[in-house]
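Each value in this text was obtained by applying a stated rule to the coordinates, not by laboratory testing. Note that this is a predicted model, so its numbers are computed, not measured. We place every Cβ from the backbone using ideal geometry, glycine too, and count neighbours over all the protein chains shown.
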Amino acid sequence: MGFYDWDKIKPEELTRLSRSRIARSENVMLAEVEVRRGTTTPWHSHENEELVIVLKGAWRFYLPSGELTLEANQMLSIPARVEHSSEVLEDTLALNICTPTKVARRNDEQQTFEHDPDQSLWAV
């Protein structure tokens, strides 16, 4: 069992346009993600199932079945190993829930948030 207080978890800057706060248990990871308009993620997949919940803003996802734009109070479930990419249409606050938990290693298994080709870090 674990206890987490968002007010005491220091946000980690991912790029100059994105940051997150992360809480992990043995099998689940919850990230509060703030991303600025114009941020993108390239096509990628991962071994975990992922649920993205947009709290405010607009975030477009590109999926094998087509594109989908999430707005406030909308959710997207992405199964494990499904290729996807995204584009942030408005400054956005979202929750990202992953199971099993993502391994957050900066170099080996990182996903990417990008605003320009020289910026890349962990992302959905």
### Task
In nm, give the distance between the simple-model label positions of Glu87 and Thr99, each being 7 Å from the Cα along the Cα-to-Cβ direction.
3.3
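So, R0 is 30 Å and r is the distance between the beta-carbons of Lys8 and Ser65; what FRET efficiency does that work out to, to 0.05?
Details: r = 40 Å, r/R0 = 1.32.
About 0.15, to the nearest 0.05.
Could you list Asp7, Asp91 in order of exposure, starting from the residue whose Cβ has the fewest other Cβ atoms within 10 Å? Don't skip to the end; give the middle numbers.
Working: Asp7 6, Asp91 15.
With the sparsest Cβ surroundings first, the list reads Asp7, Asp91.
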### Summary
Expressed in angstrom and rounded, the centroid-to-centroid distance over alpha carbons for the stretch 1-30 and the stretch 67-87 is 20
### Message
Just to verify a number: FRET efficiency for Glu49 and Arg16, C-beta to C-beta distance, R0 = 25 Å, to 0.05?
### Response
0.25
